[in-house]
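Some notes on the structure that comes next.
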Amino acid sequence: MPLLYFVVGKSEGYGESGEGVSVQGSTVRDLVAPFEILVWVDEETTSAGRKFGGRGKKKQLGKGLSSYQLFRAALDFLAKHDFENEPVFVKAEGGHRYTSDEYSSTHDVVFVDSSSTVNLLAGVHPGSMKLLGIDARRTLETLNSSSASSGDPFPEVFLSDHRDLQTRFDLVIHVDLSTAKPRSPNYHETLDSGSASNATLSSISSVLTQALGDRVRVIAILHPTPNTRPLSQAHPSTSHIIHIGLIYNPVHAWRQVDHGPNPASDPDPVAVEQFREFWGDKAELRRFKDGSIVESVVWDVKTIDEKTLIPRRIVAFVLKRHFGIGEEGVRGWQEGFDGVLRLPESVSRFYVGENGLGVGVGFKAALGAFDGVVKAIKVLSSDEGGNDALPLSVMNISPTSEFLRYTSVFSPVPLPDSIASVLSMNTRYLNPIEFVIEFERSSRWPDDLRAVQKVKLAFLEKIARGLMGRVPGLRAAVIVGDAAGTDDMNDVARLEIVTEEGWAFVGRIWHDREAVLLDRIINNTASTLPHVTRKDKSQSQRQGKDYHTAIQARESYTRLYIHAPMHHRAIAKLCHHFPAFAGTVRIAKRWFAAHWLLGGADGGGGYVSEEAVELLCAKFFVKEGWEAEMDRDIEEEEKDAEKIEQRKMVVPGSKERGFASLIQFIKEWNWDEQGEGIFVPLYGSSSILGLKQPKAVSSMSTGVWKIRTAMDEEGCIWTMFGPDAIIARRVRALAQATWGCLKGMEMNGMSGGGSVLTIFDHPTDDYNVIIDLDRTILSRYHQNIAPDVSQLSQLLRRKKSSNEDELAAALGGKIRPGFDPAMLLYKDLKRVYQDTFRIFHDPFGGDRFGIVWDPSLKQPRPFRVLGSFSFCVTSSAEAKGKKSKDKDSVVLNEQGVLGEIERMGRGIINGITINVQE
């Protein structure tokens with residue numbers, strides 16, 4: 001039994017040997033000690049009559065329990081017991097010699113053995129015990145989930161290494177103690193600790209606890225595990241590098257003001273002096289709106305990104321003040337993630353700062369602009385519409401854009417004329433924000449799909465005219481189809497709106513009867529006269545052009561009008577409930593995009609849809625019943641406050657921890673062995689009550705990822721068009737490489753060897769062909785992961801390129817929402833050469849395409865009509881001795897294909913590089 005717990009302790013980092021880091025103050029005796037509690041916990045009474053000893057009652061287990069049951073009981077005790085406030089006394093014959101208060105006055109954590117003379121947890125910080133409780137709780141969840149799914153939990157519990165800092169802590173700080181000098185050394189504490197280094201670690205832990213307060217739930221001091229040393233070496237070599245791990249309390253973690261004592265009303269003047277002594281120059285006397293005048297500490301911030309760094313700033317400040325450790329000795333690797341989610345300074349300076357033009361930016365500004373558009377459209381459907389009134393009332397307008405649910409990689413920004421005139425062509429991109437319009441039901445809608453599309457066009461044209469006539473400065477247009485061309489049965493009409501402030505919106509009309517009409521075509525159940533008997537046709541006869549068009553339209557209808565609005569509402573709810581969720585999704589999308597994989601759910605862009613990324617990230621935040629906990633009333637929440645608090649400690653509290661958890665999962669995800677995929681409880685029972693769960697209809701599903709939800713039981717609505725098996729293996733390999741970079745930054749943060757940009761640096765050696773694009777005309781180049789700043793400013797650039805002049809003349813100075821030349825060319829190449837190669841691209845300002853040839857096309861094959869690829873004739877050596885008509889075979893004409901690509905991309909392609917594969 002102790003052996004089992006010993007193994008778990010080693011895998012969680014509580015031992016004294018092995019690689020990596022271990023929790024300060026945790027040894028083997030600390031791990032084995034709690035097993036005595038399984039036999040008997042005594043219930044004693046202090047002189048004041050207060051009971052103590054575990055939970056205030058005897059803790060006795062049956063004698064017939066197996067070792068596994070005892071193991072679970074020990075984990076349950078560690079997960080639920082509050083060691084900081086509830087001392088534990090093992091049963092002693094004749095009672096204990098000393099009271100609980102005597103132990104608590106000199107020790108942070110009390111666990112007295114049966115001899116009543118030894119505190120087994122002496123020297124262990126409460127944060128270490130809280131961390132042990134979190135790890136025990138996670139192990140119990142693994143055991144429970146494995147039992148429910150009939151899986152074997154042994155490898156996950158005993159054979160997996162769970163000492164990874166980036167998935168256990170919301171913030172990890174590397175501290176160099178080589179120059180540490182305590183401000184007020186306590187020699188008695190040094191003697192009690194056994195060494196000066198142990199005393200310093202204990203003092204750091206106490207100071208951080210006082211400084212951070214309720215901002216964090218756990219503070220853990222971690223140090224490298226000691227290595228073996230020769231017998232001739234008397235003392236072990238101690239590393240001067242430690243790691244400080246914090247688990248946030250999201251409610252208070254980013255608070256800007258800490259209140260101290262009131263000098264006027266506080267009866268204890270010593271408290272005021274202690275507060276000022278602790279905080280030094282940061283302490284100041286302030287008057288607040290409620291009239292109170294108290295000592296306080298204020299952490300000034302200018303942006304949201306700076307606000308998330310407040311806990312780190314506090315740690316750096318107190319370490320410098322109380323231990324003399326400068327900024328160069330306190331480092332972390334998480335801060336670099338903020339930079340990949342921001343626009344370059346050469347662009348952002350036009351929106352914010354002293355030189356900004358006073359334009360509202362960010363998610364709140366986008367939501368405000370959307371509300372204005374919604375009100376304007378609803379006015380047209382009311383009695384106030386006048387001559388512009390719509391024939392049907394607008395029942396609902398549902399947002400479906402990531403810019404309105406806080407999960408877009410970059411914060412949404414408008415593009416008014418005042419800013420567009422000073423920006424270069426490669427920084428002039430305007431994101432369209434999508435929404436869906438739902439009208440009231442009416443029998444006046446036609447019963448023909450093509451006629452329905454014509455009616456939609458008339459509605460959109462009516463809305464556009466009404467909005468332009470009522471809203472000053474607003475421009476609206478009806479957009480039909482795309483460059484590839486579509487059938488008139490498909491829903492391709494959109495309303496494009498550009499407000500005076502520079503926000504762009506794109507709306508579609510949802511007509512619920514379209515699904516019925518499409519199902520009739522797919523199932524061959526179109527209505528006929530009752531006295532007419534239809535002769536059933538064979539399956540091949542029924543699958544004509546209209547059938548395939550209906551399949552495509554039905555899939556698009558289900559995704560755009562059924563799943564997209566519900567997905568949007570559920571993800572937006574998660575962003576409000578879990579502060580770290582939105583940031584996790586934004587970093588994850590940036591990672592997928594930087595590795596040329598991110599795209600749309602329609603399969604026209606990349607290979608991994610943005611909605612699939614959001615679902616993968618949600619897996620680490622939601623559990624069964626999370627929505628019920630969030631909606632629970634105050635009384636029930638207070639009743640289960642302990643349970644809710646314990647669960648929140650397992651949920652990532654920072655975007656960096658959430659991203660690391662995602663990467664760890666992807667690198668180990670055996671999607672090829674899990675036939676049912678993974679289930680994400682995104683929707684609560686109240687969200688889908690009474691709703692029919694439509695199945696995705698498609699004959700072209702190629703995705704191997706199955707991410708199931710309550711609304712998508714098959715798990716393919718957002719992965720229908722990818723990733724396939726080849727791309728999924730590519731994602732796994734990239735995740736493994738990224739995990740290696742994270743581990744390197746975790747251990748080498750102090751040497752400066754860890755750069756966040758390394759994670760997003762995409763290798764191109766595996767591509768057969770690299771296509772370089774002209775950066776001057778890429779409208780999203782300013783979103784590139786590492787843009788050339790000299791290419792972003794008209795002032796820094798010496799002269800304009802001819803391509804830029806041609807593009808500017810073609811646009812005529814107009815702002816075109818969503819216009820991205822690189823993406824348009826990418827989609828054309830992907831569609832035209834889908835049977836010839838795989839093409840990859842970063843949608844966020846990528847200036848290169850990567851191409852991988854289909855290897856099967858390089859092998860000689862007999863000529864066939866409609867071979868679906870460009871070929872050239874080759875003489876096969878194997879054909880010698882056969883008839884002359886069999887001697888010639890065909891292979892892929894690589895040079896011919898590249899020549900076609902160069903002609904298709906004239907004006908945007910700068911050059912084509914062929915990589916020679918060894």
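Does F77 meet the test of being closer than 28 Å to V23 by Cα, modelled with pLDDT under 80, under 44 Å from the mean Cα position of the chain (by Cα) and open to solvent by less than 30 Å² (accessible area, probe 1.4 Å)? Show your work before the answer.
Values: closer than 28 Å to V23 by Cα: yes; modelled with pLDDT under 80: no; under 44 Å from the mean Cα position of the chain (by Cα): yes; open to solvent by less than 30 Å² (accessible area, probe 1.4 Å): yes.
Taking the combined requirement at face value, the residue does not satisfy it.
When you go through R331, R313 one by one, which is the residue that is under 28 Å from T179 (Cβ atoms), under 25 Å from the mean Cα position of the chain (by Cα) and without any contact (Cβ under 8 Å) to a residue 60 or more places away in the chain? Can you show your working first?
Values: R331 fails: without any contact (Cβ under 8 Å) to a residue 60 or more places away in the chain.
Result: R313 is the single residue among R331, R313 that is under 28 Å from T179 (Cβ atoms), under 25 Å from the mean Cα position of the chain (by Cα) and without any contact (Cβ under 8 Å) to a residue 60 or more places away in the chain.
Considering each residue of region 758-786, count those that are assigned to a loop (DSSP other than H, G, I, E, B) and buried (at least 22 other Cβ atoms within 10 Å of the Cβ), and give that number.
Going residue by residue through region 758-786, those that are assigned to a loop (DSSP other than H, G, I, E, B) are 761-768, 774, 778-780, 784-786.
Within this subset, residues satisfying the condition of being buried (at least 22 other Cβ atoms within 10 Å of the Cβ) are 767, 774, 778-780.
Count: 5.
With modelled with pLDDT under 90, more than 30 Å from G360 (Cα to Cα) and in contact with a helix residue (DSSP H, G or I) (Cβ under 6 Å, 6 or more places away or on another chain) as the only criterion, which of H235, H240 stands out?
Details: H235 fails: in contact with a helix residue (DSSP H, G or I) (Cβ under 6 Å, 6 or more places away or on another chain).
One residue alone meets the criteria, H240.
Do we find a residue being touching a helix residue (DSSP H, G or I) at 6+ places or on another chain (Cβ under 6 Å) and closer than 25 Å to G502 by Cβ anywhere in region 288-305? Steps first, please.
Quick first cut of region 288-305, residues touching a helix residue (DSSP H, G or I) at 6+ places or on another chain (Cβ under 6 Å) only: 295, 297, 299, 301, 305.
Filter again for closer than 25 Å to G502 by Cβ, leaving 305.
Within region 288-305, one or more residues are touching a helix residue (DSSP H, G or I) at 6+ places or on another chain (Cβ under 6 Å) and closer than 25 Å to G502 by Cβ.
Just name the residue that is modelled with the lowest pLDDT out of those in region 440-482 that are open to solvent by 80 Å² or more (accessible area, probe 1.4 Å) and in a loop (DSSP other than H, G, I, E, B).
Once the filter is applied, the top-ranked residue is D482.
Say whether the condition of being touching a helix residue (DSSP H, G or I) at 6+ places or on another chain (Cβ under 9 Å) and open to solvent by less than 10 Å² (accessible area, probe 1.4 Å) is met by at least one residue in region 141-149. Spell out how you get there, then give the answer.
Let us first name the residues in region 141-149 that are touching a helix residue (DSSP H, G or I) at 6+ places or on another chain (Cβ under 9 Å), namely 142-143, 146.
Subsequent filtering for residues that are open to solvent by less than 10 Å² (accessible area, probe 1.4 Å) retains 143.
Scanning region 141-149 turns up at least one residue that is touching a helix residue (DSSP H, G or I) at 6+ places or on another chain (Cβ under 9 Å) and open to solvent by less than 10 Å² (accessible area, probe 1.4 Å).
Is it true that some residue in region 647-662 is outside any loop (DSSP other than H, G, I, E, B), farther than 20 Å from W739 by Cα and at pLDDT below 90?
Filtering region 647-662 for residues outside any loop (DSSP other than H, G, I, E, B) gives 647-648, 655-662.
From what's left, farther than 20 Å from W739 by Cα: 647-648.
Subsequent filtering for residues that are at pLDDT below 90 retains 647-648.
Yes, because at least one residue in region 647-662 is outside any loop (DSSP other than H, G, I, E, B), farther than 20 Å from W739 by Cα and at pLDDT below 90.
What pairs come out if I take residues in region 886-914 that are farther than 15 Å from F837 by Cβ and part of a helix (DSSP H, G or I) and pair them with residues that are open to solvent by 20 Å² or more (accessible area, probe 1.4 Å) and not hydrophobic (A, V, I, L, M, F, W, C) whose C-beta lies under 9 Å away, six or more apart or interchain?
Close Cβ pairs satisfying both conditions: D886/P862; D886/S876.
In region 237-269, which residues are without any contact (Cβ under 8 Å) to a residue 12 or more places away in the chain and loosely packed, with under 11 Cβ neighbours inside 10 Å?
Correct list: S237, S265, P267, D268, P269.
Exactly one of these conditions fails for V373: (1) free of Cβ contacts under 8 Å to residues at least 24 places away in the same chain; (2) at negative phi. Give me its number.
(1)
Consider R780 carefully, then state whether it is farther than 30 Å from V891 by Cα and modelled with pLDDT under 70. Working first, answer last.
Numbers: farther than 30 Å from V891 by Cα: yes; modelled with pLDDT under 70: no.
The answer is no for R780.
Would you confirm whether or not region 311-330 contains a residue that is in contact with a His (Cβ under 8 Å, 6 or more places away or on another chain) and either at pLDDT 90 or above or surrounded by 14 or more Cβ atoms within 10 Å (Cβ to Cβ) (or both)? Steps first, please.
First, the residues of region 311-330 that are in contact with a His (Cβ under 8 Å, 6 or more places away or on another chain): 330.
Then drop every residue that is not either at pLDDT 90 or above or surrounded by 14 or more Cβ atoms within 10 Å (Cβ to Cβ) (or both), which leaves 330.
There is at least one residue in region 311-330 that is in contact with a His (Cβ under 8 Å, 6 or more places away or on another chain) and either at pLDDT 90 or above or surrounded by 14 or more Cβ atoms within 10 Å (Cβ to Cβ) (or both).
Give the residues of region 656-677 that are of a type in the set (D, E, K, R) and open to solvent by less than 30 Å² (accessible area, probe 1.4 Å), sorted by residue number.
Step one: filter region 656-677 for residues of a type in the set (D, E, K, R), giving 656-657, 667-668, 672-673, 676.
Residues satisfying the conditions are E656, R657.
So which pairs qualify, if the first residue must be in region 815-836 and without any contact (Cβ under 8 Å) to a residue 40 or more places away in the chain, the second must be surrounded by fewer than 16 Cβ atoms within 10 Å (Cβ to Cβ) and among the hydroxyl-bearing types (S, T, Y), the Cβ gap must be under 9 Å, and the two must be at least 6 apart or on different chains?
Listed by first residue and then by second, the contacts come to Q834/S868; D835/S868.
For the list (1) within 30 Å of P399 (Cα to Cα); (2) part of a loop (DSSP other than H, G, I, E, B), I need the number of the one condition that D290 fails.
In the conditions (1) within 30 Å of P399 (Cα to Cα); (2) part of a loop (DSSP other than H, G, I, E, B), D290 misses (1) alone.
Contact list please: Cβ distance under 8 Å, first residue in region 838-859 and over 23 Å from L343 (Cβ atoms) and assigned by the TED database to the domain that holds R780, second residue open to solvent by 50 Å² or more (accessible area, probe 1.4 Å) and in a loop (DSSP other than H, G, I, E, B), pairs at least six apart or on different chains.
R838/D854; V852/D766; D854/D835
Check whether at least one residue in region 169-178 is assigned to a loop (DSSP other than H, G, I, E, B), at pLDDT 85 or above and open to solvent by less than 10 Å² (accessible area, probe 1.4 Å), and report yes or no. Walk me through it before giving the result.
Step one: list which residues in region 169-178 are assigned to a loop (DSSP other than H, G, I, E, B), which gives 169-170.
With the extra rule that they be at pLDDT 85 or above, the set shrinks to 169-170.
Imposing the further condition that a residue be open to solvent by less than 10 Å² (accessible area, probe 1.4 Å) reduces the set to 169-170.
There is at least one residue in region 169-178 that is assigned to a loop (DSSP other than H, G, I, E, B), at pLDDT 85 or above and open to solvent by less than 10 Å² (accessible area, probe 1.4 Å).
The values are calculated or read from the model by the stated rules, or taken from the named source; none is laboratory data. Because the structure is a prediction, the values reported are computed rather than measured. Every residue, glycine as well, gets a Cβ built from its backbone with ideal geometry; the counts of neighbours run over all protein chains shown. Quick note on the areas: whole protein, heavy atoms, side chains included, nothing else; ligands and nucleic acids left out. Shrake-Rupley method; radii C 1.70, N 1.55, O 1.52, S 1.80 Å.
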